[in-house]
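Everything below concerns the one structure shown next.
Nothing in this text is a laboratory measurement; each read-out follows from the coordinates by a stated rule. It should be emphasised that the depicted structure is a prediction, and the values quoted were computed from it without experimental measurement. We place every Cβ from the backbone using ideal geometry, glycine too, and count neighbours over all the protein chains shown.
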Amino acid sequence: MAEVAVIYPGSFDPITNGHLDLIRRGSQLFDRLVVAILTNLEKEPLFTIDERIDMLQLVTEDIANVSVDTFSGLLVDYARQKQARAILRGIRAFSDYEYELQMALMNRKLEPRLETVFMMPGESFAYISSRLVKEIFHHGGPVKGLVPPLVEDRLKQKFPARAAQMR
Ligand code: PNS
């Protein structure tokens, strides 16, 4: 049987423990999981694409069937090019649902052969988002347990002054 590949797309600015939990869960369901970082973000990112690739590669290096890539343009075009059968997205709370449903249905309209699979992160990660991690760090709060230790170190390297204020 042909292998089943899934794309896990996002901005990953930076990767959190919630993302990592989903990657681990997804990698057990699919033969191949590609973490795909969107490069043409409208918002101003904190980490460059190269920094995000590096962090993602390092924190997933122990998972054999996971690879890291970038994409621009439409997700469905990228998924087609990668011969992926599905898109993986995480749902944390009800508030995620509306946006995710809209995207999933629009992607299905654009490419009916591509399924979107939703998974829930472990409950201890349900409240984590990259946006909140950045906000907490920005104000000198602790991000331990919210992101992999390597990401915490990279945040501290990027903002040594903030790291010094951290409780
Ligand atoms: O981590 P994010 O920011 O929630 O990820 C959003 C992402 C990258 C999945 C979404 O913005 C996306 O797929 N962008 C690519 C452009 C595209 O295909 N847009 C139409 C989606 S219906």
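Some points to look at:
- Each part gets one Cα centre, and for region 84-132 versus region 67-81 those centres are 16 Å apart.
- Degrees, to the nearest 10: 49-59 long Cα axis against longest axis of the chain: 90 degrees
- Share of pairwise Cα-Cα distances greater than 24 Å in region 1-100 is 18 percent (whole percent).
- The ranking of Tyr97, Tyr8, Tyr78 from fewest to most other beta carbons within 10 Å of each one's beta carbon is Tyr97, Tyr78, Tyr8.
- Loop-located GluC sites (Glu not before Pro) in region 22-86, at most 14 other Cβ atoms within 10 Å (DSSP): Glu42, Glu61
- Lysine pairs meeting the criterion (Cα under 15 Å, 8 or more apart or interchain), as found in the chain: 5
- Its residues counted as N, region 72-150 yields a C-alpha radius of gyration over 2.2 N^0.38 Å of 1.36.
- Cα-derived Rg to Rh of region 113-167, Kirkwood definition: 1.13
- Annotation: amide H of Val147 within the under-5 Å range of Asn17, sequence separation 5 or more or interchain, hydrogens built in the peptide plane.
- Check: region 5-127 dipole with +1 on Lys, Arg Cβ and -1 on Asp, Glu Cβ, in debye: 540 debye
- Three semi-axes of the equivalent ellipsoid, the chain, Cα gyration tensor, whole Å, largest first: 28, 16, 15
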